[in-house]
Amino acid sequence: MTFSLYFMGYCKAEDIPVDIAERTKWCFLQKGTIELTYNYGTESDPEFKGYHNGNTEPKGFGHIGLSVPDVDVACKRFEELGVKFIKKPNDGKMKGLAFIQDPDGYWIEILTANRMPTL
């Protein structure tokens, strides 16, 4: 799958770390930052008829990402509340992050900033 990540927030350019691992961690620690993930596909589909959740064909913006202090604690709470999971923290290749669905079927990534450089 080909995708691009976009982060929207406010910061001073001089505060952004040069080291890629430190920059990744720093990015996910920023307050009030939203991550948009674009899954390529819709831009080249002449049959595209409008927006959908971006996780089925044709691809598009697939989910938002939210940083929490502890993914496992957050996911335990989501399970207790009956939230539908797309991916639990220890499933698949990318350990330590989860994907849940909102009531409309949109995906929400749940992550912990301190784990991001190791994914």
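Can you name every residue in the stretch 52-72 that is assigned to a loop (DSSP other than H, G, I, E, B) and either open to solvent by 40 Å² or more (accessible area, probe 1.4 Å) or at pLDDT below 80 (or both)? Selection gives 52, 53, 54, 55, 56, 57, 58, 59, 60, 69, 70. One residue stands out among those in the stretch 76-118 that are among the acidic types (Asp, Glu) and assigned to a helix (DSSP H, G or I): the one that is least open to solvent (accessible area, probe 1.4 Å), which is 79. Between a first residue in the stretch 18-29 that is open to solvent by 60 Å² or more (accessible area, probe 1.4 Å) and a second residue that is part of a helix (DSSP H, G or I), which pairs have beta carbons less than 8 Å apart while being 6 or more apart in sequence or on different chains? Partner pairs satisfying both residue conditions: 22/117; 25/113; 25/114; 25/116; 25/117; 29/113.
The values are calculated or read from the model by the stated rules, or taken from the named source; none is laboratory data. This structure is a prediction, so every number in the text was calculated from the model and none was measured. Please note: Cβ atoms are built from the backbone with ideal geometry, for glycine as well, and neighbour counts cover all protein chains shown. Note: areas computed on protein heavy atoms with side chains; ligands, DNA, RNA excluded. Shrake-Rupley method; radii C 1.70, N 1.55, O 1.52, S 1.80 Å.
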